[in-house]
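S.K.: Got a structure for you, questions after.
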2 protein chains.
Amino acid sequence: MSDFPKFVNIKEEAAREGFQIEKGPISTDQKVAFIDALSETGLKAIAVCSFVNPKVVPQMADADEICQRITRNPGVKYTGVWLNEKGLDRARATGVLDISGSITLTASEAFLKRNQNSSFEHNLAESARIVQNFVANKIPVNSVGVASAFGCNFEGDIPQERVLDLIDKAFVMARESGLEPQRIGLLDTMGWATPVAIRKMVGTIRNRYPDKTIGLHLHDTRGMGIANAYAGLEMGVSQFDACVGGLGGCPFAGNKGAAGNVCTEDLVFMLNEMGIETGIDLDKLIACAEMVEEIVGHPLPGQVKIGGNLDRLRERARASAQAAAAA
Amino acid sequence: MSDFPKFVNIKEEAAREGFQIEKGPISTDQKVAFIDALSETGLKAIAVCSFVNPKVVPQMADADEICQRITRNPGVKYTGVWLNEKGLDRARATGVLDISGSITLTASEAFLKRNQNSSFEHNLAESARIVQNFVANKIPVNSVGVASAFGCNFEGDIPQERVLDLIDKAFVMARESGLEPQRIGLLDTMGWATPVAIRKMVGTIRNRYPDKTIGLHLHDTRGMGIANAYAGLEMGVSQFDACVGGLGGCPFAGNKGAAGNVCTEDLVFMLNEMGIETGIDLDKLIACAEMVEEIVGHPLPGQVKIGGNLDRLRERARASAQAAAAA
């Protein structure tokens with residue numbers, strides 16, 4: 001238990017990964033109002049949109065407009081996602097986003113083949129090209145990452161050695177360009193992780209890269225999201241991606257149940273109760289979860305927005321005890 | 001991690017605690033078919049009904065009939081709940097239930113007062129009377145327990161010392177009657193527990209009562225159910241109550257969010273992936289979760305019934321890799 005971090009950084013992904021898979025339509029007004037509400041919760045990083053082909057992902061056609069219209073809170077890093085140089089150019093042109101790169105490799109060749117007609121070799125070559133681009137464009141590369149790190153619906157279990165090998169390769173690639181990313185991100189893209197798998201994987205990576213920060217991107221596909229986050233915290237993980245309400249999912253998972261990123265307010269609730277700082281106001285975050293549930297128009301799986309912040313119940317209990325004592 | 005149990009016993013509560021709070025109507029036929037399906041999953045204990053006043057809990061008016069009509073699997077212990085001697089007489093009269101008693105005290109006086117117009121003192125006196133009854137009726141007392149052990153919506157946090165004191169008192173009471181219960185049950189009646197609270201509480205109790213089995217009754221009110229179960233497993237907890245689909249809740253919690261016991265199939269999924277035996281067939285359990293969702297007629301929170309058993313995806317991935325190799 002002594003490895004719990006003192007502070008956890010959460011990157012809120014509902015406006016990007018969440019809205020991206022919603023049928024919608026979600027108006028730009030709604031998106032901007034939602035991102036602005038998130039900006040007032042104390043969150044330090046918010047993913048706001050993807051700069052992708054609007055014909056393929058019409059939900060993100062208004063990415064540029066969103067960036068122009070949000071009210072920037074100077075304490076917040078706003079991020080976007082791009083998949084090619086055109087997207088990167090659009091992201092930079094907004095002038096409001098925190099532009100930084102990552103080297104993210106995919107641990108499942110079956111997934112690469114199926115969704116990108118790619119292979120490990122091609123994935124590596126493509127990543128090397130992207131790194132050259134980052135360098136040429138003077139874009140910092142803060143993170144290396146492995147997608148589908150715990151398992152894949154098309155390939156099955158992913159051996160730990162493969163994940164380690166990909167991390168090693170990503171660092172070699174970065175260092176060849178004089179870069180030294182400080183963060184290692186593990187993505188449980190299809191919700192295969194369980195707490196013991198998290199412990200083993202994070203433990204091994206931490207031993208190999210003791211000076212790096214480890215981040216987890218978790219899905220709740222099989223109900224393990226919060227338990228996996230807890231297992232990560234036990235191993236000192238101090239950075240999580242999450243979505244308010246438990247919005248999100250992977251459109252390419254080939255499984256009806258690829259639902260839901262780990263729920264931000266449930267995670268913050270647990271961190272609060274553990275005495276781990278996040279800088280986030282849980283009540284404001286719950287209000288954002290209620291807001292996003294109204295925006296998407298269907299119930300979302302997060303529980304704390306229904307069960308409530310225990311601090312409010314503690315206050316009520318204290319007031320009630322005082323009233324009884326005074327009576 | 002070395003404290004993980006090798007085998008976990010799960011008591012399935014959906015037919016009792018689950019159906020009890022559903023608006024219904026749920027027919028006796030549906031209940032019997034559901035219990036019979038549960039009996040074929042490998043579950044070793046199934047709570048089938050409550051023998052309570054049908055005017056107060058009309059959902060359980062058919063308790064006696066259910067017991068007569070279920071197809072008994074000799075590998076399963078069928079249990080019922082009663083709150084007074086009349087209920088106990090009805091339970092015994094069925095001739096099919098495993099009749100055993102427990103001494104369960106409530107850790108929140110505010111809850112006792114509000115819901116039973118009771119007090120700690122009265123709760124103890126009442127329990128002593130019940131123990132006398134058990135002895136007079138030659139009913140084994142296998143368990144002592146504490147309800148609202150982690151917190152109460154009306155009283156706030158529950159000090160650990162109070163829980164320990166109540167457990168001590170329950171054992172004193174049992175031993176005065178020559179009884180030696182082997183199990184200590186902790187009930188997170190209103191979903192206040194978090195993984196660290198579980199670790200602290202279970203750790204302390206285990207130190208005090210190293211020879212007893214510790215059981216957890218968890219709710220998912222704030223999304224912590226599976227994480228709490230995991231924290232319990234880390235401390236060697238080997239017995240859980242759970243509801244397929246995540247059905248259930250506490251009708252007296254005074255909070256709209258008092259929803260859902262920890263979900264049986266999500267728990268069994270995690271245990272399978274950890275290599276901990278349960279004797280339960282996950283696919284059959286998922287079928288029961290789908291069945292109960294249809295019976296109650298609204299979506300239930302369990303995730304594995306949507307996300308799917310990973311063993312099936314592993315098989316599919318293997319078959320697909322073999323087909324590709326053969327092509």
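S.K.: How big is the protein assembly as shown by the Kirkwood estimate over distinct Cα pairs, in Å?
M.R.: Values: mean 1/r = 0.0382 Å⁻¹.
Its Kirkwood hydrodynamic radius stands at 26.2 Å.
S.K.: Right, here's the next one. Relative to the longest principal axis of the C-alpha atoms of chain A, give the angle of the C-alpha long axis of helix A:160-176, reported between 0 and 90° and rounded to the nearest 10°.
M.R.: That works out to roughly 70 degrees.
S.K.: What's the Kirkwood radius of the stretch A:9-326 in Å, using all Cα pairs? Let's see the in-between values first.
M.R.: Numbers: mean 1/r = 0.0495 Å⁻¹.
One over the average 1/r among Cα pairs gives 20.2 Å for the stretch A:9-326.
S.K.: Using only Cα atoms, find the angle between the long axis of helix B:264-274 and the longest principal axis of chain B, and express it within 0 to 90 degrees, rounded to the nearest 10.
M.R.: 70
S.K.: B:K138: which aspartates and glutamates have alpha carbons under 16 Å from its alpha carbon, excluding same-chain residues fewer than 8 sequence positions away?
M.R.: List returned: B:E85, B:D89, B:D98, B:E176, B:E180.
S.K.: Also, I was wondering about something else. To the nearest 10 degrees, how steeply does helix B:28-39 sit against the main Cα axis of chain B, on a 0 to 90 scale?
M.R.: 70
S.K.: Give me the orientation-averaged projected area of the Cα convex hull of the stretch B:171-327, in nm², one decimal.
M.R.: 12.7
S.K.: What is the magnitude of the charge dipole of the protein assembly as shown about its Cα centre, with +1 placed on the Cβ of each Lys and Arg, -1 on the Cβ of each Asp and Glu, and no other charges, expressed in debye to the nearest 20? Write down the numbers at each step before the final one.
M.R.: Numbers: 68 positive and 80 negative charges, 72 e Å.
With Lys and Arg at +1 and Asp and Glu at -1, about 340 debye.
S.K.: Here is a further query. Tell me, what is the FRET efficiency for A:Q132 and A:R162 to the nearest 0.05, using R0 = 35 angstrom and their Cβ-Cβ distance as r? Write down the numbers at each step before the final one.
M.R.: Details: r = 25 Å, r/R0 = 0.71.
With R0 = 35 Å, the Cβ-Cβ based efficiency is 0.90.
S.K.: What FRET efficiency, computed as 1/(1 + (r/R0)^6) with R0 = 30 Å and r the Cβ-Cβ distance, is obtained for A:A33 and A:E277, rounded to the nearest 0.05? It would help to have the intermediate numbers written out before the result.
M.R.: Numbers: r = 28 Å, r/R0 = 0.92.
Here the calculated transfer efficiency is 0.60.
S.K.: Continuing with the same structure: Identify, among B:V135, B:G80, B:L282, the residue whose Cα sits farthest towards the positive end of the charge dipole of the stretch B:9-326, taking +1 on the Cβ of Lys and Arg and -1 on the Cβ of Asp and Glu, with the dipole about the Cα centre.
M.R.: Checking the options against the dipole of the stretch B:9-326, the answer is B:V135.
S.K.: Send over a whole-number figure in Å² for the accessible area per residue of chain A, probe 1.4 Å. Numbers along the way, then the final one.
M.R.: On the way: 13220 Å² over 327 residues.
I get 40 Å² per residue for chain A.
S.K.: Still on this structure, please answer the following. Tabulate in residue order the Karplus-calculated ³J(HN,Hα) for the stretch B:204-221, using 6.51 cos²θ - 1.76 cosθ + 1.60 with θ = phi - 60°, rounded to whole Hz; enter x for Gly and Pro.
M.R.: 5, 5, 5, 5, 6, 10, x, 8, 8, 7, 9, x, 10, 10, 10, 10, 9, 3
S.K.: With a 10 Å radius around each residue's Cβ, average the other Cβ atoms per peptide and rank A:229-242, B:136-149, highest first.
M.R.: On the way: A:229-242: 24.1, B:136-149: 19.6.
Answer by packing, highest mean first, reads A:229-242, B:136-149.
S.K.: Note down the net charge around B:K77, summing +1 for each Lys or Arg and -1 for each Asp or Glu among other residues with Cβ under 11 Å from its Cβ. Please report the intermediate quantities before stating the final value.
M.R.: On the way: positive: B:K11, B:K44, B:R72; negative: B:E12, B:D98.
Every neighbour counted, the sum reads +1.
S.K.: Identify the residue of chain B whose Cβ lies closest to the rotation axis that maps chain B onto chain A, and give that distance in whole Å.
M.R.: Residue of B nearest the axis onto A, distance in Å: B:A227, 2.
S.K.: About the Cα centre, and with charges only on the beta carbon of Lys, Arg (+1) and Asp, Glu (-1), how big is the dipole of chain A? Nearest 20 debye, please.
M.R.: So the dipole magnitude of chain A works out to roughly 260 debye.
S.K.: Return the carbon/sulfur percentage of the accessible area of the stretch B:9-326, one whole number, probe 1.4 Å, all protein chains in place. Walk me through the numbers before you get to the answer.
M.R.: Details: 6320 of 12500 Å².
Percent of accessible area from carbon and sulfur atoms in the stretch B:9-326: 51.
S.K.: Here's something else I'd like to know. With 28 Å as the limit, write out which pairs from A:K6/A:K305; A:K77/B:K305; A:K11/B:K23; B:K86/B:K212 have Cα-Cα distances beyond it, or answer none. Kindly include the intermediate steps, with their values, before the conclusion.
M.R.: Numbers: A:K6/A:K305 25 Å; A:K77/B:K305 37 Å; A:K11/B:K23 40 Å; B:K86/B:K212 31 Å.
The pairs that break the limit, which is 28 Å between Cα atoms, are A:K77/B:K305; A:K11/B:K23; B:K86/B:K212.
S.K.: When Cβ neighbours within 10 Å are restricted to other protein chains, what is their mean count per residue of peptide B:304-312?
M.R.: Numbers: counts 6, 3, 9, 17, 8, 1, 10, 1, 0.
Taking the mean over all residues of the peptide, I get 6.
S.K.: Looking only at other chains, what is the average number of their beta-carbon atoms within 10 angstrom of each beta-carbon in A:268-274? Each step should come with its number before you reach the end.
M.R.: Values: counts 0, 4, 8, 1, 1, 9, 4.
Across A:268-274, the average partner-chain Cβ count within 10 Å equals 4.
S.K.: Give me the residues in the stretch A:218-241 whose solvent-accessible area, probe 1.4 Å, is reduced by at least 50 Å² once all protein chains are included instead of the chain isolated.
M.R.: Those residues are A:R222, A:M224, A:Y230.
S.K.: On to the next question. Using only protein heavy atoms and a 1.4 Å probe, how much accessible area in total is buried between B and A, to the nearest 100 Å²?
M.R.: Values: alone 15020 and 15030 Å², together 26430 Å².
For chain B against chain A, roughly 3600 Å² becomes buried.
S.K.: Related question: Compute the signed sum of charges (Lys and Arg +1, Asp and Glu -1) over the other residues within less than 13 Å, Cβ to Cβ, of B:I276.
M.R.: Numbers: positive: B:K6; negative: B:D3, B:E234, B:E273, B:E277.
Taking every Cβ under 13 Å from that of B:I276, the sum is -3.
S.K.: If you don't mind, there's one more thing I want to ask. From the helices alone, meaning DSSP H stretches of at least four residues, give me the mean residue ellipticity at 222 nm for chain A, per-run term -39500 (n - 2.57), in deg cm²/dmol to the nearest 500.
M.R.: So the helix-based figure for chain A works out to -13500 deg cm²/dmol.
S.K.: Also: Looking only at other chains, what is the average number of their beta-carbon atoms within 10 angstrom of each beta-carbon in B:194-204?
M.R.: On the way: counts 9, 12, 10, 2, 0, 2, 1, 0, 0, 1, 0.
Per residue, the average neighbour count from other chains is 3.
S.K.: Under a Cβ-Cβ cut-off of 13 Å, what is the net charge of the residues other than A:G232 that fall near it, where Lys and Arg count +1 and Asp and Glu count -1?
M.R.: Working: positive: A:R199, A:K200, A:R206; negative: A:D3, A:D188, A:E234, A:D241.
In short, -1.
S.K.: Gap in Å between the Cα centre of the stretch B:261-327 and the Cα centre of the stretch B:22-38?
M.R.: Using only Cα atoms, the two centres lie 22 Å from each other.
S.K.: Okay, moving on. Ignoring everything but the protein chains, give the 1.4 Å probe accessible area of A:H122 in square angstrom, nearest 10.
M.R.: The value for A:H122 is about 90 Å².
S.K.: If you take the square roots of the eigenvalues of the alpha-carbon gyration tensor of the stretch B:7-107 and sort them as a ≥ b ≥ c, do you get rounded (a/c under 1.5), prolate (a/b over b/c) or oblate?
M.R.: Details: a/c = 1.39, a/b = 1.11, b/c = 1.25.
It is rounded, given that a/c, with a ≥ b ≥ c, falls under 1.5.
S.K.: For the protein assembly as shown, what is the percent of antiparallel DSSP beta bridges, rounded to the nearest 5?
M.R.: Beta bridges within the protein assembly as shown, antiparallel portion: roughly 10 percent.
S.K.: Using label points projected 7 Å from each Cα along Cα→Cβ, tell me how many nm separate B:Q68 and B:A327, to one decimal.
M.R.: Taking the two extended label points, one gets 6.0 nm.
The values are calculated or read from the model by the stated rules, or taken from the named source; none is laboratory data. Since the model is a prediction, treat every value here as computed from it, not as a measurement. We place every Cβ from the backbone using ideal geometry, glycine too, and count neighbours over all the protein chains shown. Side chains included, ligands, DNA and RNA excluded: accessible areas come from the protein's heavy atoms. Shrake-Rupley method; radii C 1.70, N 1.55, O 1.52, S 1.80 Å.
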